[in-house]
Amino acid sequence: MRRSAWLAFLPVLVAGVSAGCGSRPVPAQPAYDVDVRPILMSHCVRCHGAGGMQNVPLEPTGPNAPVLPSVQPVADILRNLHDYFDQFDTTGDCTLDSNGQYPADCKFGAGSLAQTIYTVVRPGVAPPLQMPPAPAPPLDDWAIQILGNWATEMPTPVCSNSPNPETAICPNGP
């Protein structure tokens, strides 16, 4: 008799456990340090940041490598950008020189590019502008929603919702 009572309760138990296993909620006001940076670190920083590896859509690679026609539009756009998504703030001298180039020490942080980031990760963006580029899979809906919410924060996206953020990530505070 006890066994049949347990078996009768089993579907209720399974339903209760599975109800708590839904997808993670998307924060209405995401912060760079805890919500956005992990997405960018796992999908974007290999090409946009981290030790000079930023913005290299050229194949084959090398200082004198030709630009393949399939990536020429992206190469033209990115050649003049210095995107570093592993940091929030823009650093260095980002004044264009007489040739229309940014100095090597200019590093545009993710905070200044939030809307651009969201624009290129949304579904329906055609290659070669779709990020991350193939063969990498596109971001899932959860990540895209976080980036969208972050990009539309007013007046600007926040680095942290913490009163004392990690200074290595948010050196200028929240």
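Please list 3J(HN,Hα) in residue order for the range 29-37, calculated via the Karplus relation 6.51 cos²θ - 1.76 cosθ + 1.60 where θ = phi - 60°; whole Hz, with x for glycine and proline.
Coupling constants for the range 29-37: 10, x, 10, 4, 4, 9, 10, 8, 4 Hz.
So what are the ³J(HN,Hα) numbers for the range 108-125, from phi and the Karplus equation (6.51, -1.76, 1.60; θ = phi - 60°), rounded to whole Hz, Gly and Pro as x?
Result, rounded to whole Hz: 7, x, 4, x, 7, 10, 4, 5, 5, 4, 4, 4, 8, 9, 5, x, x, 6.
Would you mind computing, in nm to one decimal, how far apart the modelled labels at Val26 and Thr95 are, each placed 7 Å from Cα along Cα→Cβ?
Roughly 4.1 nm, to one decimal.
Ranked from highest to lowest mean number of other Cβ atoms within 10 Å per residue, what is the order of the peptides 146-152, 102-108?
So the order, starting with the most tightly packed, is 146-152, 102-108.
Fewest to most neighbouring Cβ within 10 Å: what's the order for Thr116, Thr95?
By the 10 Å Cβ count, ascending, the order reads Thr95, Thr116.
Each reported figure results from applying straightforward, stated rules to the coordinates on display, with no laboratory input. Quick caveat: nothing in here was measured; it's all calculated off a predicted structure. Please note: Cβ atoms are built from the backbone with ideal geometry, for glycine as well, and neighbour counts cover all protein chains shown.
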